[in-house]
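Structure, as structure tokens:
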Amino acid sequence: MRFHYFEDEKAPLEDIQLQMAINQGYVPPTCLLAGFIVLGEIKDRKDPCAGCNGPREKCHGRPKLDS
């Protein structure tokens, strides 16, 4: 089980949970987090991008928020 796809060029289309979150606008189409992580954050009413340590130059996500 992978938690992210940071080393990859893009996330696989087979990650249905991630594709669902992308289609619903929760994360950008270039998101590199695993879908189960994204949906867990959404379920907890958190912004998936806010705590992500991913490379913004690849994912083009919203800025990370400092805790």
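Scanning the range 53-62 for residues being part of a loop (DSSP other than H, G, I, E, B), touching a strand residue (DSSP E or B) at 6+ places or on another chain (Cβ under 9 Å) and under 15 Å from P29 (Cα atoms) gives a total of 2.
Any residue that is within 23 Å of D66 (Cβ to Cβ) and small (G, A, S) - is there at least one of those in the range 10-17?
Looking only at the range 10-17, we keep the residues that are within 23 Å of D66 (Cβ to Cβ), and these are none.
Within the range 10-17 (the criterion being within 23 Å of D66 (Cβ to Cβ) and small (G, A, S)), the answer is no, since none of the residues qualifies.
When the range 20-30 is limited to residues that are out of contact with any strand residue (DSSP E or B) (no Cβ under 9 Å at 6 or more places or on another chain) and part of a loop (DSSP other than H, G, I, E, B), the one that is surrounded by the most Cβ atoms within 10 Å (Cβ to Cβ) turns out to be Y26.
Within the range 31-50, the set of residues being surrounded by 14 or more Cβ atoms within 10 Å (Cβ to Cβ) and not in a helix (DSSP H, G or I) comprises C31, L32, L33, A34, D47, P48, C49, A50. Among the conditions (1) surrounded by 14 or more Cβ atoms within 10 Å (Cβ to Cβ); (2) within 10 Å of the chain's Cα centre (by Cα), the only one that D15 does not satisfy is (2).
Considering the conditions (1) outside any helix (DSSP H, G or I); (2) under 12 Å from the mean Cα position of the chain (by Cα), L65 is excluded by exactly one of them, (2).
We did not get these values from a lab; they are worked out from the coordinates using the rules stated. Predicted model only: the values in this text are computed from it and were never measured. Virtual Cβ from ideal backbone geometry, glycine too; neighbours counted across all protein chains shown.
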